[in-house]
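Colleague: I'd like to ask you about the structure that follows.
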Amino acid sequence: MGESDRNWDEFDPEAREEREIGREMVSKSTGLGSVVAHFYRGEMSVVTTWRGRLDETINWAVTIIAAILVYAFSTEGNHVILLTGMVVITMFLAIEARRYQAYDVYRARARLLQENLFANTLDPSQGVEHRDWRRELSEDYRNPTIKTPYTEALARRLRRIYLPFLCLMLAAWLFKLTAFSTRPVLETAGVGSVPGSVVFGIVGAFYAAVIATAFWPRERHSKGEFEKAEPGEWKETD
């Protein structure tokens, strides 16, 4: 039966011969391999681009933190600039969480291909990871969806990158208040007409919210494959 005669209404992407198209790429000389190669190259290009955008945000955050710390501990520096640094870092965190969501969309597509197409090509005896992977991928191209909720993306970037940054700013702020002033800490912590006790309360509430966001138990939506195996397991031989 030719392609023009095929009844596509009866197409079942979960059928064995349809879902395991990696077998066909190895056993038959078809144009499918060439098409998939270009398709996968494009997907990986997008993944790399979004990964680079994450790195750009981190680089800017590190640069600004360094500049703030240098100024804060100079002769003209004031502890208020460190509080401003906490706000700026939080803004970068919010931006990066959005970028991580977009990055995860394209990464998930690439992983779907790797798990079900290329892995099946290398070892057809193992089958595929997802019976309906072709339908899932097709649907995602027709209607792209966010794979990781914003709160989970926020928590992941906090634990990996931004929580240490914020802890560094907190330590610098406390050090500035205690080591560079002879007045009581609460008095030194005041900002304009805002008393130091209020400033401490706001900072304490902010860090409590940050820690809760980072470590609050929640259902994981991102894949988290690297947590499943010990380093070096895949190289072990019998």
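Colleague: Mind checking which residues of region 38-72 are small (Gly, Ala, Ser) and crowded, with 17+ Cβ neighbours inside 10 Å? Outline the logic, then answer.
Modeller: As a first pass, look at region 38-72 and keep what is small (Gly, Ala, Ser): 42, 45, 52, 61, 66-67, 72.
Once the filter is applied, which keeps residues that are small (Gly, Ala, Ser) and crowded, with 17+ Cβ neighbours inside 10 Å, region 38-72 yields Ala61, Ala72.
Colleague: Same structure, new question: Looking only at residues that are open to solvent by 10 Å² or more (accessible area, probe 1.4 Å) and touching a Lys or Arg at 6+ places or on another chain (Cβ under 9 Å) in region 107-117, which one is nearest to Phe165 (Cα to Cα)? First the steps, then the outcome.
Modeller: Let us first name the residues in region 107-117 that are open to solvent by 10 Å² or more (accessible area, probe 1.4 Å), namely 107-109, 111-112, 114-115.
Filter once more, so that each one left must be touching a Lys or Arg at 6+ places or on another chain (Cβ under 9 Å): 107-108, 111.
On the way: Arg107: 26, Ala108: 28, Arg111: 30 Å.
Among residues in region 107-117 that are open to solvent by 10 Å² or more (accessible area, probe 1.4 Å) and touching a Lys or Arg at 6+ places or on another chain (Cβ under 9 Å), the one nearest to Phe165 (Cα to Cα) is Arg107.
Colleague: In addition: If I go through region 101-113 residue by residue, how many of them are within 19 Å of the chain's Cα centre (by Cα) and within 16 Å of Val36 (Cβ to Cβ)? Steps first, answer last, please.
Modeller: Start the filter on region 101-113 by keeping residues that are within 19 Å of the chain's Cα centre (by Cα), which leaves 101-112.
Filter again for within 16 Å of Val36 (Cβ to Cβ), leaving 109-112.
Selection size over region 101-113: 4.
Colleague: Further question on the same structure: Taking region 120-141 only, how many residues are more than 20 Å from Ala102 (Cα to Cα) and among the small types (Gly, Ala, Ser)?
Modeller: In the first step, residues of region 120-141 are kept if they are more than 20 Å from Ala102 (Cα to Cα); the result is 120-135.
Next cut, among the small types (Gly, Ala, Ser) only: 125, 127.
Within region 120-141, residues that are more than 20 Å from Ala102 (Cα to Cα) and among the small types (Gly, Ala, Ser) number 2.
Colleague: Output the number of the condition that Ser181 fails; it satisfies all remaining conditions of (1) surrounded by 14 or more Cβ atoms within 10 Å (Cβ to Cβ); (2) assigned to a loop (DSSP other than H, G, I, E, B).
Modeller: Single failed check for Ser181: (1).
Colleague: Any residue at all in region 123-141 that's under 17 Å from Val47 (Cα atoms), loosely packed, with under 15 Cβ neighbours inside 10 Å and of a type outside the set (D, E, K, R)? Before you say what the answer is, go through the steps one by one.
Modeller: Looking only at region 123-141, we keep the residues that are under 17 Å from Val47 (Cα atoms), and these are 137, 140-141.
Then drop every residue that is not loosely packed, with under 15 Cβ neighbours inside 10 Å, which leaves 141.
Filter once more, keeping what is of a type outside the set (D, E, K, R): 141.
So far as region 123-141 goes, yes, one or more of its residues are under 17 Å from Val47 (Cα atoms), loosely packed, with under 15 Cβ neighbours inside 10 Å and of a type outside the set (D, E, K, R).
Colleague: Would you check if Ala108 is over 30 Å from Lys176 (Cβ atoms), in a helix (DSSP H, G or I) and of a type outside the set (Ser, Thr, Tyr)? Full working, then the answer.
Modeller: Numbers: over 30 Å from Lys176 (Cβ atoms): yes; in a helix (DSSP H, G or I): yes; of a type outside the set (Ser, Thr, Tyr): yes.
Against the criterion (over 30 Å from Lys176 (Cβ atoms), in a helix (DSSP H, G or I) and of a type outside the set (Ser, Thr, Tyr)), Ala108 qualifies.
Colleague: Could you tell me whether Leu170 is surrounded by 14 or more Cβ atoms within 10 Å (Cβ to Cβ) and within 16 Å of Thr57 (Cβ to Cβ)?
Modeller: Answer is no for this residue.
Colleague: Okay, next question. Does region 114-161 hold any residues that are under 21 Å from the mean Cα position of the chain (by Cα), touching a residue at least 40 places away in the same chain (Cβ under 8 Å) and either within 19 Å of Thr90 (Cβ to Cβ) or in a helix (DSSP H, G or I) (or both), and which are they?
Modeller: Pro149, Tyr150, Thr151, Glu152, Ala153, Leu154, Ala155, Arg156, Arg157, Leu158, Arg159, Ile161
Colleague: Does Ser197 qualify as being in contact with a helix residue (DSSP H, G or I) (Cβ under 8 Å, 6 or more places away or on another chain), open to solvent by less than 80 Å² (accessible area, probe 1.4 Å), modelled with pLDDT under 85 and not β-branched (Val, Ile, Thr)? Write out each step before concluding.
Modeller: On the way: in contact with a helix residue (DSSP H, G or I) (Cβ under 8 Å, 6 or more places away or on another chain): yes; open to solvent by less than 80 Å² (accessible area, probe 1.4 Å): yes; modelled with pLDDT under 85: no; not β-branched (Val, Ile, Thr): yes.
No: the conditions fail for Ser197.
Colleague: A follow-up question, please. State all residues of region 163-178 that are in contact (Cβ under 8 Å) with a residue 60 or more places away in the chain and not basic (Lys, Arg); if no residue qualifies, say none.
Modeller: To start, the set of residues in region 163-178 that are in contact (Cβ under 8 Å) with a residue 60 or more places away in the chain comprises 165-166, 168-170, 172-173, 176-177.
Passing the criteria: Phe165, Leu166, Leu168, Met169, Leu170, Ala172, Trp173, Leu177.
The values are calculated or read from the model by the stated rules, or taken from the named source; none is laboratory data. Values in this document were obtained by computation on a predicted structure and should not be read as measured data. Here the Cβ is made from the backbone with ideal geometry for all residues, glycine too, and neighbour counts use every protein chain on show. Each accessible area value is taken on the protein alone, full model and side chains, heavy atoms only, with ligands, DNA and RNA left out. Shrake-Rupley method; radii C 1.70, N 1.55, O 1.52, S 1.80 Å.
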